[in-house]
Amino acid sequence: MLQQTQVPRVIPKFQVFLDRFPSASVCASALVADVVRAWAGLGYNRRAVNLHRTAVAVVDRHGDQLPDDLDALMGLPGIGPYTARAILTFAFGHDVGIVESNTSRVLARIAGRALPQPEAQRFADELVPEGHGWAWNQAMIDLGATVCLRREPKCGECPVVEHCSWHDSPDPAAPAHKQSTFAGSDRQGRGRLVDAMRVAPIPVDGIPAAAGWPDDPSRAHRVVDTLLADGLAVELDGTLRLP
Ligand code: SF4
């Protein structure tokens, strides 16, 4: 839920979701449509489909428990290097570094240059003090979120200023992370279609209007193809609906 969605939006949804799906096996036995409905308001609905697929895989392969192994975690649908390491450190206390938008900015500035992902991951892993992975990663994320800000880092109050190569540089080496614009994007159309399907199946001829593009049916149907490919929708009886 926290991949690209802010904490205040996630917390109330998280509690409700856990009440509804308290274990992988409960989630796995639900319809995908139920999980997508419970995901309403969080955006990036494909994560709900992947969460359901992961719940099925956790039941099938790991006895209803998330594994505490990097490769096993990364073998689960929708779980990449960041989420796998976040689970390892925050759920199991392993000493692995996590690289996400905040920590990658801090790491790049400390190094004094933009770091390709594998190098950033190696650097993040090396920095973790033995036995303190959980607290270290919390601190790194908070440092990026509250001190090493993207536009105006507060270097004067930064606890790692003595180790940072960038703080006095006039020319930032680290690229700023830029989020793509949501309004008018295909992602916005996808979101509208999923929101409509949460309420009721959409008749095929109502798809362009439901996507918000009544005058551009080809765009709407192109976006529908991505929903079908992602397992977020199925076509049935002349309608588009949740699986
Ligand atoms: S010294 Fe400044 S640029 Fe370096 S990590 Fe701290 S806040 Fe970021």
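Remarks
- Qualifying residue in region 111-120 (condition: within 12 Å of the ligand (Cβ to nearest atom) and outside any loop (DSSP other than H, G, I, E, B)): yes
- A search for C-beta distances below 7 Å between a residue of region 149-167 that is among the basic types (Lys, Arg) and any residue that is within 6 Å of the ligand (Cβ to nearest atom), counting only pairs 6+ apart in sequence or on different chains, returns Lys154/Val147.
- Here region 131-170 is the region considered, the condition is being of a type in the set (D, E, K, R) and part of a helix (DSSP H, G or I), and the residue that is farthest from the ligand (Cβ to nearest atom) is Asp142.
- Any hit, region 37-53, residues being within 16 Å of the chain's Cα centre (by Cα), closer than 21 Å to Leu228 by Cβ and of a type in the set (Val, Ile, Thr): yes
- Among residues of region 87-119, those that are crowded, with 20+ Cβ neighbours inside 10 Å, under 19 Å from the mean Cα position of the chain (by Cα) and among the aliphatic types (A, V, I, L, M), counted: 5
- Residue that is farthest from Asp64 (Cα to Cα), among those in region 31-47 that are free of Cβ contacts under 8 Å to residues at least 60 places away in the same chain and in contact with a helix residue (DSSP H, G or I) (Cβ under 7 Å, 6 or more places away or on another chain): Gly41
- Screening region 145-185 for residues that are polar (S, T, N, Q) and surrounded by 10 or more Cβ atoms within 10 Å (Cβ to Cβ) and picking the one that is modelled with the highest pLDDT gives Thr146.
- So Ala86, is it assigned by TED's automatic domain parsing to the domain that holds Arg150, within 16 Å of the ligand (Cβ to nearest atom), within 14 Å of Trp136 (Cα to Cα) and part of a helix (DSSP H, G or I): no
The values are calculated or read from the model by the stated rules, or taken from the named source; none is laboratory data. Note that this is a predicted model, so its numbers are computed, not measured. Every residue, glycine among them, receives a Cβ derived from its backbone with ideal geometry; neighbour counts consider all protein chains shown.
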